[in-house]
Amino acid sequence: PKPNGDSTAMLMKSYACQRRTPLKHHNSFLTEALEILAQNAEYNDNEGRSVAFRRAASVLKALPRRVRSMQDLRWLPCLGDHSQRVIKEILEDGSSREVESTRQSEQYQVMKALTGIFGVGVRTADRWFREGLRSPDDLIRTGQQLNREQQAGVQYYDDLQKPVTKAEADVISDMVEKAVHAVLPGAEIQLMGGFRRGKEVGHDVDFLITHPEEGKEEGLMPKITNWLKEQGLLLYQKTTRNSYLEKMDGPARASSNMDRFERCFSIFKLQKSAASCKSSSAASAEDVSTGRESEGPAEHHPEASGWRAVRVDLVVSPYSQFAFATLGWTGSKLFERELRRWAGQEKHMSLSSHALYDSKQNLYLRAKTEEEIFAHLGLEFIPPSERNA
Ligand code: CTP
Ligand code: MN
Ligand code: MN
Ligand code: MN
C-alpha cells in the first residue's frame, strides 16, 4: 500500500493553472531557495532556467504538507535534476551551498539592488554592474544618464523599497476611485495584482478601470492623471496609449505577455496617517538640526516627511475585454505564463489580456467573466486567492 502522501503527489497536475496555489503554504524553506536560483538565472538572461526553477518552486507551493524526504517528491511533475539536487541538499544539510553562495554573491546582490530601482531592467542593471556601479548612490555620484522614470526611481528609492501594506492599498483605492468618478461617473474600478490574490503587502498597487458603456473609457487615463495632478497626489506618471487592434494583434500577437491597453505607470504621494505622522515630524526637526538636508536635494528622505511614495499601476480596458484584462492582471506572473502555455500547447488557442483566439475554429471566444474563460480553456475555475503560483 502506498503511503498517504503519495496520493496527493500523484494527483498533482503539471500546469500551475490546473492547480490551486494558496498564498501561505508549507514549503517556503524550499521555494525561497529555488526562487533565488530562478532570480539569479533571470539576472544572467537565462529565461529557460529561470522558469524551470519557478515551476519547481510552484509545485511545492501547491503541496498540502511540508516535504520531509525525497520520497515525498516521487510522483511530482516539474522537478528537474537540478531542483531535486538542491532540495535534497536542503533536506539533508539544512541549506544548499549553491543557493547560499548565490545569495552572498556580489553580482546577485548588486543586480537585486539595481533592478529594484523603478525603471531599471536586467539589461541596464547588468551594464552598470559591469561598469563597476553598485548602488543607486553610485548612479548619482557618477552622474549616469537616467531617463525620467529612472530619475523618479532613484529619487524615491527608499520609499519604493518599503512594502506597500493592504491598509495603504485601501487608501490608494479610495484616491483612485475619487479621481475616476470625478472625471467619469459610472466607471468601474477593480483592485488587481497581488492584493486581489489576498497578499498582505505588495511592491505596488494595481488597478483596472472600465465603463459598462463601451467607448466611454476612451481617452480616460489623461483625465484621471490630470485630476490627480491638480490635487497634488501624483509624484510621477507615464501614460501609454491603447494600441490594441484586433485585426493586427489578435491571433498573431495574442500570446505576447505585454498587453496594449491604455495604461499608466505612476508614483502616488500618500499622506501618512495622523498616528504615524507624529513620530516623523519629530524626526524632521532633528534632521534639520543635524544638517542632514545638505546630503543632497535629489533624494527624498522618507523619515523626514508626512508622506510616502507608492508605485501604482493603472490600466483602462474596454468593457468587452474586461474579463480577459481581469484574468491577465490578477497574476501571479507564473500563473499567467502557465495559462498561456496551456492555451497554446493543449488547446491550440492563444490567450492574452485582450482576447482568446481559437486557432482550430478560427474565431475569437467571447467572455464576460473569468469563469467563462476558464471554461473555454477546459480548466476548472481557480479563484484569485488560489492563483499564487
Ligand atoms: N502585468 C502585465 N504587464 C506588465 C506588468 C504586469 O500584464 N507590464 C501583469 C502581471 O502579469 C501580473 C499583474 O500585472 O499578473 C501584476 O503585476 P505586478 O504588479 O508586477 O505583480 P504582483 O503580482 O501584483 O506582485 P507585487 O505585490 O510585487 O506587486
Ligand atoms: Mn502589483
Ligand atoms: Mn512584482
Ligand atoms: Mn504592477
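The values are calculated or read from the model by the stated rules, or taken from the named source; none is laboratory data. What you see is a predicted model; the values in this text were computed from it and never measured. Every residue, glycine among them, receives a Cβ derived from its backbone with ideal geometry; neighbour counts consider all protein chains shown. Heads up: the accessible areas ignore ligands, DNA and RNA and are worked out on the full protein's heavy atoms, side chains in. Shrake-Rupley method; radii C 1.70, N 1.55, O 1.52, S 1.80 Å.
For the range 355-374, which positions are within 25 Å of the chain's Cα centre (by Cα), without any contact (Cβ under 8 Å) to a residue 24 or more places away in the chain and surrounded by 14 or more Cβ atoms within 10 Å (Cβ to Cβ)?
Within the range 355-374, just Phe374 meets the criteria.
Would you confirm whether or not the range 289-303 contains a residue that is surrounded by 19 or more Cβ atoms within 10 Å (Cβ to Cβ) and modelled with pLDDT of 95 or more?
The answer is no, given that none of the residues of the range 289-303 is surrounded by 19 or more Cβ atoms within 10 Å (Cβ to Cβ) and modelled with pLDDT of 95 or more.
Does Val316 meet the test of being open to solvent by less than 20 Å² (accessible area, probe 1.4 Å), in contact with an Asp or Glu (Cβ under 6 Å, 6 or more places away or on another chain) and closer than 30 Å to Gly232 by Cα? Even if it seems obvious, please write down each step before you answer.
Values: open to solvent by less than 20 Å² (accessible area, probe 1.4 Å): yes; in contact with an Asp or Glu (Cβ under 6 Å, 6 or more places away or on another chain): yes; closer than 30 Å to Gly232 by Cα: yes.
Yes.
How many residues are in a helix (DSSP H, G or I) and either open to solvent by 60 Å² or more (accessible area, probe 1.4 Å) or within 16 Å of ligand 3 (Cβ to nearest atom) (or both) when one looks only at the range 183-213? Full working, then the answer.
Of all residues in the range 183-213, those in a helix (DSSP H, G or I) come to 183, 193-196.
This time we only want the ones that are either open to solvent by 60 Å² or more (accessible area, probe 1.4 Å) or within 16 Å of ligand 3 (Cβ to nearest atom) (or both), so: 193-196.
Residues flagged as in a helix (DSSP H, G or I) and either open to solvent by 60 Å² or more (accessible area, probe 1.4 Å) or within 16 Å of ligand 3 (Cβ to nearest atom) (or both) within the range 183-213 amount to 4.
Could you pull out the residue among Leu133, Leu139 that is surrounded by 16 or more Cβ atoms within 10 Å (Cβ to Cβ) and either on the phi > 0 side of the Ramachandran plot or part of a helix (DSSP H, G or I) (or both)?
Details: Leu133 fails: either on the phi > 0 side of the Ramachandran plot or part of a helix (DSSP H, G or I) (or both).
After ruling out the rest, the residue left standing is Leu139.
Which of (1) modelled with pLDDT under 80; (2) part of a helix (DSSP H, G or I) is the odd one out, the single condition Glu338 does not satisfy?
Only one criterion is unmet by Glu338, namely (1).
Hey, can you tell me all the residues within the range 332-389 that are basic (Lys, Arg) and closer than 29 Å to Phe53 by Cα? Explain how you work it out, then say what you get.
Of the residues in the range 332-389, the ones basic (Lys, Arg) are 333, 337, 340-341, 347, 360, 366, 368, 387.
Within the range 332-389, Lys333, Arg337, Arg340, Arg341, Lys347, Arg387 qualify.
Does at least one position in the range 59-82 carry a residue that is polar (S, T, N, Q) and surrounded by 21 or more Cβ atoms within 10 Å (Cβ to Cβ)?
Quick first cut of the range 59-82, residues polar (S, T, N, Q) only: 69, 71.
Retained after the next criterion (residues that are surrounded by 21 or more Cβ atoms within 10 Å (Cβ to Cβ)): none.
Within the range 59-82 (the criterion being polar (S, T, N, Q) and surrounded by 21 or more Cβ atoms within 10 Å (Cβ to Cβ)), the answer is no, since none of the residues qualifies.
Is one or more of the residues making up the range 81-102 at pLDDT below 95 and in contact with an Asp or Glu (Cβ under 9 Å, 6 or more places away or on another chain)? I'd like the intermediate steps shown before the answer.
Let us first name the residues in the range 81-102 that are at pLDDT below 95, namely none.
No: the range 81-102 contains no residue that is at pLDDT below 95 and in contact with an Asp or Glu (Cβ under 9 Å, 6 or more places away or on another chain).
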